[in-house]
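Worksheet: the structure to be examined is printed underneath.
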Amino acid sequence: MPARNDPPAGQVADQLLVLLAVARTGRYTTAAQALGVNHTTVARNITALERALGGRLLVRGADGWELTTLGRRAARAGEAVSDAVDRLVAGDTEADPITGVVRMTATDGFSAYVASPAIARLRGAHPELSVELVTVTRVATHHRSGVDVDVVVGEPSVQRAKAVRLGEYVLGMYGSREYLERHGTPTTVEEMSKHGLVYFVDSMLQVNDLDAPRRLVPGMPDALASTNVFVHVEATRAGAGLGFLPCFMADRHDDLVRLLPDDVTERLPYWAVIRSESWRRPAVAAVVQVLGDEMNRQRDRMLGHVSSRGES
C-alpha cells in the first residue's frame, strides 16, 4: 500500500487558522489583513487545505464566502488550534477567552443607546475585545457572511443559526411643542391622520413589523421619510411633521410630546441572530449576554415609562 503524502501537521494547522479567519470575515481580503498576509496567500492556503481534506470548504454566498458542511467541521478544528495557541502564549497566566474581533449589525437607535454602553462596559473587563458595529435596519437572513451577530427587529426565522430574544421596546407618535402650538394637538386618530408623517421610506422598509404607523393611522401622508431613525427624531423636533419614534430615543428630548399613547403605540422585540460557528466563541456569547443585560437594565426607558427628566 503506497504511503500517503499528507502535508505536515504544522502546515495544516496554519491552513486551518486561515480558514477560520475567512469564516469569521467572509472575505479573503479582510482575512488577509487580519492575518498580516496578502490575498494570494489566503487563497493558496484554502486551496491546499481543500486538497488535503478532499472537498470544498467554502462557497460564495450573497454577502461573501460561506462554509460548507466540511468547512464547518474544519473551522471547528481551527478554533481548537486557535484556542491552543492562545493558551500557549498566555503561559502560566489564565488566557482571557473574551478577546478578538466580534462583528455585529444592529439598528441605528439600538447601536447608539444599547450596544454602545453595553460594549463599553464589557471592554472595561476585557480590554482585548474589539467590536465592529455596522448600523442597518433589515431582516435576518439564514446566515450572513462575515457577521457574528445580527440584531434585528421582530422574531427571525432562520436556519443553522441561534436566535436570542434580547427584550422589547415601544414606539409612539410624537410632535414638537412648537409644531403643536402652530398646527394644533390631535385628540383623535382621525385628527392625527391630517398631519404629515415623519418615518421610514415606505418602499425601502425591509421589516414588516415596522410598518405600524401606516396601519395605526390610515391615510396619514408622508412629510419626511428617511432610512435613519436619528433623522426621524431631529426632523420631528424641527417641526417637519409628527414622528413615529422609539420612546427610548424621543423621551430624551423635552421639546417632544407623545400623542395618543393608548391608541397609537407599537411594542416590538429585538432579537440577536448568531451564526452557529460564531456562537461557540466566548467573545460572541459575552457580547450577546451583555446586550440582553443592557436591555433589561434600560427596560423602563425602552418601554416608554421614563420621560426626558427621568420620571416614570
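Of the residues 211, 254, 222, the single one that is of a type in the set (D, E, K, R), free of Cβ contacts under 8 Å to residues at least 12 places away in the same chain and at negative phi is 211.
Exactly one condition in (1) in a loop (DSSP other than H, G, I, E, B); (2) out of contact with any Gly (no Cβ under 8 Å at 6 or more places or on another chain); (3) modelled with pLDDT under 90; (4) not aliphatic (A, V, I, L, M) is false for residue 162; which is it? Evaluating residue 162 over (1) in a loop (DSSP other than H, G, I, E, B); (2) out of contact with any Gly (no Cβ under 8 Å at 6 or more places or on another chain); (3) modelled with pLDDT under 90; (4) not aliphatic (A, V, I, L, M) leaves (1) as the failure.
Applying the criterion of being touching a strand residue (DSSP E or B) at 6+ places or on another chain (Cβ under 7 Å) and part of a loop (DSSP other than H, G, I, E, B) to the residues of the range 20-56, the residue that is nearest to residue 276 (Cα to Cα) is 26.
Answer with yes or no whether residue 94 is buried (at least 16 other Cβ atoms within 10 Å of the Cβ) and either part of a strand (DSSP E or B) or at pLDDT below 85 (or both).
no
The condition (being closer than 21 Å to residue 183 by Cα and surrounded by 23 or more Cβ atoms within 10 Å (Cβ to Cβ)) is satisfied by just one residue among 225, 272, 250, 238: 250.
What do you reckon, is residue 216 farther than 28 Å from residue 299 by Cβ, in contact (Cβ under 8 Å) with a residue 24 or more places away in the chain and surrounded by 15 or more Cβ atoms within 10 Å (Cβ to Cβ)? Steps first, please.
Numbers: farther than 28 Å from residue 299 by Cβ: no; in contact (Cβ under 8 Å) with a residue 24 or more places away in the chain: yes; surrounded by 15 or more Cβ atoms within 10 Å (Cβ to Cβ): yes.
It is false that residue 216 is farther than 28 Å from residue 299 by Cβ, in contact (Cβ under 8 Å) with a residue 24 or more places away in the chain and surrounded by 15 or more Cβ atoms within 10 Å (Cβ to Cβ).
Filter the helices (runs of 4 or more DSSP H) completely within the range 226-312 down to those with at least 1 residues that are at pLDDT 95 or above.
Values: elements: 229-238, 247-250, 276-279, 282-297, 299-302.
Result: 229-238, 247-250, 282-297, 299-302.
The values are calculated or read from the model by the stated rules, or taken from the named source; none is laboratory data. Only a predicted model underlies this, so the values are computations on that prediction, with no experimental measurement involved. Neighbour counts run over all protein chains shown; Cβ positions are idealised from the backbone, glycine included.
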